[in-house]
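The values are calculated or read from the model by the stated rules, or taken from the named source; none is laboratory data. This one's a predicted model, so the numbers in the text were calculated from it and none came from an experiment. Because the Cβ atoms are built from the backbone with ideal geometry, glycine has one as well, and the counts that use them run over all protein chains shown.
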Amino acid sequence: MQANEHPVNFVRRVFSLVFEGDSLSKAVRGVRDFFAFDFVLDSDGRSLNRSDFEATLLAQRSRNPKYPPRFPVEDAKVSWKVPWPEYSPVPFVAPSVLAAERSDTNPNGWADSPRPNLAELKHRLSCEGPLFFDADQRPVNPRGRTGVCGRGMLGKWGPNRAADPIVTRWKPGDKRKLQIVAIQRGDTGVWALPGGMVDAGEVVSVTVRREFAEEAGNMASDAERAAFNAAVDELFATA
């Protein structure tokens with residue numbers, strides 16, 4: 001960011017460098033979710049206030065086709081501060097999470113057990129602040145009601161930590177344009193940074209390398225994959 005530059009102009013300038021033409025609006029829609037600014041830009045580059053964006057974002061995130069139909073939640077009732085005794089969220093835990101739950105018969109499972117371990121949750125810190133729980137002592141979404149309860153497609157109760165590396169380069173032959181590595185998600189079709197969840201006991205620097213190689217290196221050609229892996233080794237050599 002340049003001296004005295006407004007954040008809105010900074011984001012618009014950076015995205016103008018990274019993407020060209022119609023790709024700009026697609027990039028803003030796909031990547032804006034990663035930034036916790038007090039403003040966001042819509043597909044036309046116009047500023048939206050935070051409350052309007054968060055309501056839109058909640059609606060977008062509810063469209064994941066792997067989730068069941070949710071209990072309808074009006075925008076005015078998203079906040080937990082609004083009393084709503086009739087609220088009855090739909091319970092959901094993905095089959096892949098159920099199959100990976102840690103238990104006596106599956107001690108190496110990457111997912112938590114069906115009941116939250118309150119003693120363990122005390123050590124799971126969140127940038128959203130302290131954890132809040134429902135009547136069944138299950139952590140709730142800190143951003144508000146979503147119409148569903150349970151872990152969904154996430155393995156852990158409470159915070160689920162992820163690592164998403166931002167890998168850039170100057171466009172070959174044109175130092176005026178900055179390029180960024182992005183992937184298109186297979187489940188929702190949105191564009192995102194390559195990344196994924198931090199495994200238990202895993203160092204974050206290991207996570208970013210592993211996830212980047214897995215998500216950005218999905219290539220059919222053995223030669224291309226070998227060249228890509230060599231570049232990844234060099235890229236993350238000092239991570």
Residue check for V190: within 19 Å of E234 (Cα to Cα) and of a type in the set (A, V, I, L, M): no
Residue within segment 162-178 that is closer than 30 Å to P72 by Cβ and modelled with pLDDT under 90 present: yes
Identity of the residue in segment 142-152, at pLDDT 90 or above and not charged (D, E, K, R), that ends up nearest to W110 (Cα to Cα): G152
Residue match in segment 62-84 (condition: of a type in the set (S, T, N, Q) and modelled with pLDDT under 55): yes
Within segment 105-221, strands (runs of 3 or more DSSP E) holding 3 or more residues that are surrounded by fewer than 16 Cβ atoms within 10 Å (Cβ to Cβ) and not acidic (D, E): 168-171, 174-180
